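The values are calculated or read from the model by the stated rules, or taken from the named source; none is laboratory data. Worth saying up front: this structure is predicted, and the values here are computed from it rather than measured. So basically every Cβ, Gly included, is an ideal-geometry build from the backbone, and we count neighbours across all protein chains shown.
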Amino acid sequence: MNNRVPIVGVIVVAAGSGTRLGADRPKAFVDLAGRSVLERSLSSVFGMQREAQVVVVAPADLVTEAETIAHHAAGAAASSVSVVAGGASRQQSVALGLAALREAVRIVLVHDAARALTPATVFDAVVTGVAQTASGIVPGVPVQDTVKRVDEEDTVVETVDRSELRSIQTPQGFPRAALDAAYADAALEYTDDAALFAANGHTVSVIDGHQASFKITTPWDLRRAEGMLSAVSGQAGIRTGIGTDVHAYDDDSELWLAGLRWPGERGLSGHSDGDPVSHAITDALLSAAGLGDIGSVFGTSDPRFAGAHGEVFLAATRSRLEAEGFVVGNVAVQIIGNSPRFSPRRQEAEALLTGLLGAPVSISATTTDGLGFTGRGEGVCAIATATVSRQYS
């Protein structure tokens, strides 16, 4: 059992109302690509190399919800995180967070939950900076735009040398004793902890920040963060599923294949219409989204689907995916069997299925040169591959 007491404390400020975001709740609790802003921020905190005591400062009426989020984000380290109710201002909230830190904490990091995409490496760098210098350490990025100083009438007075300017971010790190003293002496409200710390006569140094550590303040910022998460997930963000279906020939049934009726062709047996293409696509889509398979979702024992055509399964599957936040990327299907001859109706089938799914569907067909059950003319097999991606609002 690990009985070490962390000397690093992280205060995550999540008590702001976030009125500029225009949401119906404080921004730390707003959804950001499937997880709350607070949970994403805490994921970075718990990605630090150093163990830390973590104190989340939340609105008084959301403490219980914040505890649930924090414990989920912490996982096995849940015992190291606690939640306290915030105050009327950010400065008061940080003071309440400081009061909740254990006596053993020697280095304090103060982080805005709204900077939800800050990499864990920035936290590590701030801790190292404080440990090496015993001064305040803040991350910052160079100012990219030309900055003008203006008078009360918005007339340009001078152009400021932007090489001397930095946009300051969080987490901001400080020696615990000096920060406690600075807060005890503070008579004014400051815009950040570094300003309060410096006003108490202490040195603050800037290290390299990160472009991902911008503050989510407006709906535009939230959408930007969603886009960055989508781009970061990139290759892993597109999910792939595979589905296979087989049906035996049945001379007493009519043939439905790839959503089309094939008059004069040998039919396929099945609880529904026996369309292996539609069924394989359904399985592939459900698999890609992690929503089960055609048997568990629809079931052969459900009388509603007795004799149902493929379009019923595909439309229901698309609706199910969209309800879970997924959209279909594309579908590719290969039909394996001796009959029917598929190529004359390929474009018709692809157009029908593309319309049903709202995404490109391509179909190919082949035989097995007389090998296996398909080669012996016992049935038809379809193998489908589908891609889906999650969409966030």
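All told, residue 35 meets the bar of being basic (Lys, Arg) and under 15 Å from residue 216 (Cβ atoms).
Results for (1) assigned to a strand (DSSP E or B); (2) within 20 Å of the chain's Cα centre (by Cα); (3) more than 26 Å from residue 221 (Cα to Cα); (4) not assigned by TED's automatic domain parsing to the domain that holds residue 193, shown as yes or no for each residue.
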residue	(1), (2), (3), (4)
40	no, yes, no, no
49	no, no, yes, no
62	no, no, no, no
95	no, no, yes, no
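Tell me which residues, restricted to region 8-29, are surrounded by fewer than 16 Cβ atoms within 10 Å (Cβ to Cβ) and in contact with a helix residue (DSSP H, G or I) (Cβ under 7 Å, 6 or more places away or on another chain). Within region 8-29, 22 is the sole residue that qualifies. Filtering region 224-257 to residues that are at pLDDT 90 or above, charged (D, E, K, R) and either buried (at least 19 other Cβ atoms within 10 Å of the Cβ) or part of a strand (DSSP E or B) (or both) leaves 245, 250. Candidates are the residues of region 258-306 that are in contact with a Ser or Thr (Cβ under 6 Å, 6 or more places away or on another chain) and at pLDDT below 80; the one that is nearest to residue 360 (Cα to Cα) is 305. The strands (runs of 3 or more DSSP E) located wholly in region 151-200 that include 2 or more residues which are closer than 21 Å to residue 214 by Cβ and assigned by TED's automatic domain parsing to the domain that holds residue 135 occupy 166-168, 172-175.
Among the numbered conditions (1) farther than 30 Å from residue 23 by Cβ; (2) within 29 Å of the chain's Cα centre (by Cα), the only one that residue 214 does not meet is (1). Is it true that residue 127 is within 19 Å of residue 44 (Cβ to Cβ) and either of a type outside the set (Ser, Thr, Tyr) or not in a helix (DSSP H, G or I) (or both)? Considered against the rule, which asks whether it is within 19 Å of residue 44 (Cβ to Cβ) and either of a type outside the set (Ser, Thr, Tyr) or not in a helix (DSSP H, G or I) (or both), residue 127 comes out as yes. For region 97-124, a tally of residues being of a type outside the set (A, V, I, L, M) and either part of a helix (DSSP H, G or I) or crowded, with 20+ Cβ neighbours inside 10 Å (or both) returns 8.
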